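Remarks on the structure that follows.
The values are calculated or read from the model by the stated rules, or taken from the named source; none is laboratory data. Computed from a predicted structure; not experimentally measured. A quick note on method: Cβ atoms are made from the backbone with ideal geometry, for glycine too, and the neighbour counts reach across all protein chains shown.
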């Protein structure tokens, strides 16, 4: 993916990509930084005691990065489906009923994709905590950057879940997704606080 | 720039790119989102009252995005210069004196580049506040994402300024850069709080 072309598309008036898509890129940057710290640590003789842990973190970080990159087109197509449903004809009652149902179905999915991004972001925060536990002091600022990016990816994804809830009418879906988001938020905050404490030494 | 190749390089054990470089990409994503909100608003008849303001924001956002992209290679070469200075010979006193001076010079520059990134990040936060003032409610989540990303770019850049200070010996440079960073932090926090208040309606 060409980053400059992506930025041009993001900055344009086209409906996609938007903030939810961009959040997956920020999450991928966070995961890649965890992998970097893990790989440098795994190659350093003075960190031999944590080489096994570092190698495991590098592998998990690569998998998280791939997951974020898979979620990007999902976010874009989910939002495009909402826009397409809104463009359906509404000349009579049948068309209006069909259009409303399609919009609602699209909105539920458009909220579900960023919820998955938020889940990956919390996994990345937890991985950054384990990366901090490798205690490679020379790379503490890179772990801090990974936390900053994973936190931003979470917050951006959460905003995209909530914006869809503003238009969704299915109270059960809203409640279930809100509950899941709150649980992720709590875990993410706890793991981030623990990681920052390790970095502060 | 190919984003997947960049992520591979970031995740590798190579010294560059690192968190400071990645912060410029996150800042560019924030600026592009401000541009997107401004452009969609500038094309919407119902927002005619703010078309002039929206067009101005789009132009400034494009300039900020370009500034972030210019700073990325600067960050990478500044850090590479520190690594190169550390690799200089130190077989005798002359070589050791020369090496120390080169490391210190490289560190001062390696702290200065993320300080510029931090400055651009605060400009982006201030621009996101003006973007929020356009009051395009449908795009409030995208403005929130822009704030999340600009904040993360600032925090990541600030961490990269401070990590160089840990090895810098010139107290005057450290003091001047720390003062500048604190001023940016205060402005960024104030503008972000104001923007979040607008978004909360």
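Any chance the range A:32-45 includes a residue that's under 21 Å from residue B:148 (Cβ atoms), touching a residue at least 40 places away in the same chain (Cβ under 8 Å) and within 9 Å of another protein chain (Cβ to nearest Cβ)?
The answer is yes, given that some residue of the range A:32-45 is under 21 Å from residue B:148 (Cβ atoms), touching a residue at least 40 places away in the same chain (Cβ under 8 Å) and within 9 Å of another protein chain (Cβ to nearest Cβ).
Can you tell me which of (1) touching a helix residue (DSSP H, G or I) at 6+ places or on another chain (Cβ under 9 Å); (2) surrounded by fewer than 19 Cβ atoms within 10 Å (Cβ to Cβ); (3) in a helix (DSSP H, G or I); (4) within 14 Å of another protein chain (Cβ to nearest Cβ) is the one residue A:84 doesn't meet?
For residue A:84, the failing item is (4).
Quick test for you: out of B:137, B:146, B:171, pick the one residue that is within 19 Å of the chain's Cα centre (by Cα) and on the phi < 0 side of the Ramachandran plot. Talk me through it step by step, then tell me what you get.
Working: B:137 fails: within 19 Å of the chain's Cα centre (by Cα); B:171 fails: within 19 Å of the chain's Cα centre (by Cα).
Exactly one residue qualifies, and that residue is B:146.
When residues of the range B:87-98 are filtered for being farther than 29 Å from residue B:23 by Cα and touching a helix residue (DSSP H, G or I) at 6+ places or on another chain (Cβ under 7 Å), how many remain?
Looking only at that region, the number is 2.
More than 8 Å from chain A (Cβ to nearest Cβ), in contact (Cβ under 8 Å) with a residue 24 or more places away in the chain and closer than 18 Å to residue A:30 by Cβ, is that true of residue B:126?
Against the criterion (more than 8 Å from chain A (Cβ to nearest Cβ), in contact (Cβ under 8 Å) with a residue 24 or more places away in the chain and closer than 18 Å to residue A:30 by Cβ), residue B:126 does not qualify.
Would you check if residue B:115 is outside any helix (DSSP H, G or I) and either surrounded by fewer than 24 Cβ atoms within 10 Å (Cβ to Cβ) or modelled with pLDDT under 95 (or both)?
No.
If I ask for residues that are within 16 Å of residue B:17 (Cβ to Cβ) and touching a helix residue (DSSP H, G or I) at 6+ places or on another chain (Cβ under 7 Å), which ones from the range B:37-81 would you list?
Hits for the range B:37-81 are B:68, B:69, B:71, B:72, B:74, B:75, B:76, B:78, B:79, B:81.
Conditions tested, residue by residue: (1) in contact with a strand residue (DSSP E or B) (Cβ under 8 Å, 6 or more places away or on another chain); (2) buried (at least 20 other Cβ atoms within 10 Å of the Cβ); (3) part of a helix (DSSP H, G or I).
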{"site": "B:131", "(1), (2), (3)": "no, yes, yes"}
{"site": "B:138", "(1), (2), (3)": "no, no, yes"}
{"site": "B:145", "(1), (2), (3)": "no, yes, yes"}
{"site": "B:148", "(1), (2), (3)": "no, yes, yes"}
{"site": "B:156", "(1), (2), (3)": "no, yes, yes"}
{"site": "B:167", "(1), (2), (3)": "no, no, no"}
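With the condition kept exactly as written, say whether any residue in the range B:14-28 is farther than 19 Å from residue A:143 by Cα and either at pLDDT below 95 or part of a loop (DSSP other than H, G, I, E, B) (or both).
Within the range B:14-28 (the criterion being farther than 19 Å from residue A:143 by Cα and either at pLDDT below 95 or part of a loop (DSSP other than H, G, I, E, B) (or both)), the answer is no, since none of the residues qualifies.
Test residue B:134 against the criterion of being touching a helix residue (DSSP H, G or I) at 6+ places or on another chain (Cβ under 6 Å), more than 13 Å from every other protein chain (Cβ to nearest Cβ) and within 17 Å of residue B:47 (Cα to Cα), and give yes or no.
Yes: the conditions hold for residue B:134.
Residue B:106 - would you say it is touching a residue at least 40 places away in the same chain (Cβ under 8 Å) and touching a helix residue (DSSP H, G or I) at 6+ places or on another chain (Cβ under 9 Å)?
Details: touching a residue at least 40 places away in the same chain (Cβ under 8 Å): no; touching a helix residue (DSSP H, G or I) at 6+ places or on another chain (Cβ under 9 Å): yes.
It is false that residue B:106 is touching a residue at least 40 places away in the same chain (Cβ under 8 Å) and touching a helix residue (DSSP H, G or I) at 6+ places or on another chain (Cβ under 9 Å).
Within the group A:166, A:144, A:156, which residue is under 21 Å from residue B:138 (Cα atoms) and at the interface with chain B (Cβ under 8 Å from one of its Cβ atoms)?
Every option except A:156 fails the conditions.
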